[in-house]
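To start, the structure itself, in structure tokens.
The values are calculated or read from the model by the stated rules, or taken from the named source; none is laboratory data. Owing to the predicted nature of the structure, the values given are computational and were not obtained by experimental measurement. For neighbour counting, all protein chains shown are included, and Cβ atoms are generated from backbone atoms with ideal geometry for every residue, glycine included.
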């Protein structure tokens with residue numbers, strides 16, 4: 001029996017290259033350098049940071065919902081000193097500000113433990129008054145700064161946009177038209193404008209016939225009426241003319257008499273003697289008779 005020939009194994013697939021850790025100078029870095037040294041304090045995480053001792057005090061007061069006008073100095077001082085113990089690795093200048101406030105809190109605490117002495121009938125000022133005043137001023141300034149920070153800010157929420165419009169040079173050709181054609185177009189427009197004209201006839205507001213009736217109504221039998229009293233200045237020139245024409249028509253029809261005692265004396269009107277007071281029917285009949293004649 002012949003032995004089976006050994007089978008030829010397939011070539012093994014190559015493993016994918018490892019992913020680069022970083023790109024340095026445009027080239028991928030796969031392995032960390034052997035001489036790389038990372039100090040233990042290279043990465044620090046600050047969960048609670050404060051801008052100063054007043055900010056820390058205000059945070060402790062709000063955290064426990066304390067009354068800023070009645071601060072328990074003993075509890076606040078104890079919590080404040082615990083936070084000072086965590087600042088050993090910080091800058092000395094920053095820690096000095098907190099230490100100064102700790103000394104101030106200790107002074108206030110010691111002054112509150114001493115018995116109060118009344119001088120000249122006046123109570124001694126509360127040792128916490130100056131600290132409360134500074135905390136209130138800092139709280140107002142901090143709230144104002146937070147309100148300003150919420151407002152939209154240039155280059156943060158708003159960005160200026162400078163757009164320069166392109167200059168488009170385009171030659172507008174002038175119309176090829178003569179003066180004769182322009183005059184002809186103007187004549188056509190004038191003719192069309194005449195078609196849109198309208199003539200309105202308005203009814204006269206004042207009539208001679210109606211004013212004759214008004215003059216006769218103003219006259220009484222046997223009484224004189226001054227000529228100027230029959231005119232109404234508010235009616236203007238038209239009313240004066242209509243009234244004067246009505247008086248002339250009444251004189252023409254011999255319905256009234258015009259009397260004047262002497263030259264340049266006042267003129268008076270009076271119904272004719274021996275006749276009753278004329279009515280509007282008499283005036284209409286007189287007008288119709290004059291027209292028929």
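Within the range 230-273, the set of residues being part of a loop (DSSP other than H, G, I, E, B) and within 15 Å of residue 219 (Cβ to Cβ) comprises 231, 253, 254, 255, 267, 272, 273. For the range 96-123, taking the residues that are more than 14 Å from residue 53 (Cβ to Cβ) and at pLDDT below 75, the one that is surrounded by the most Cβ atoms within 10 Å (Cβ to Cβ) is identified as 116.
Close contacts from the range 69-81, counting a first residue that is farther than 21 Å from residue 133 by Cβ and a second that is not in a loop (DSSP other than H, G, I, E, B), with Cβ to Cβ under 7 Å and a gap of 6+ residues or different chains, come to 79/60; 81/102. Where helices (runs of 4 or more DSSP H) sit wholly within the range 121-223, those with at least 3 residues that are free of Cβ contacts under 8 Å to residues at least 24 places away in the same chain and in the same structural domain as residue 67 (by TED's automatic domain parsing) occupy 129-150. Checked against the criteria, residue 93 does not count as outside any helix (DSSP H, G or I), surrounded by fewer than 12 Cβ atoms within 10 Å (Cβ to Cβ) and at pLDDT below 85. When residue 237 is tested against (1) under 60 Å from the mean Cα position of the chain (by Cα); (2) surrounded by 13 or more Cβ atoms within 10 Å (Cβ to Cβ), just one condition goes unmet, and that condition is (2).
For the condition at positive phi and at pLDDT below 85, what is the one hit in 174, 206, 155? Walk me through how you get there before you give the answer.
Values: 174 fails: at positive phi; 206 fails: at positive phi.
Result: 155 is the single residue among 174, 206, 155 that is at positive phi and at pLDDT below 85.
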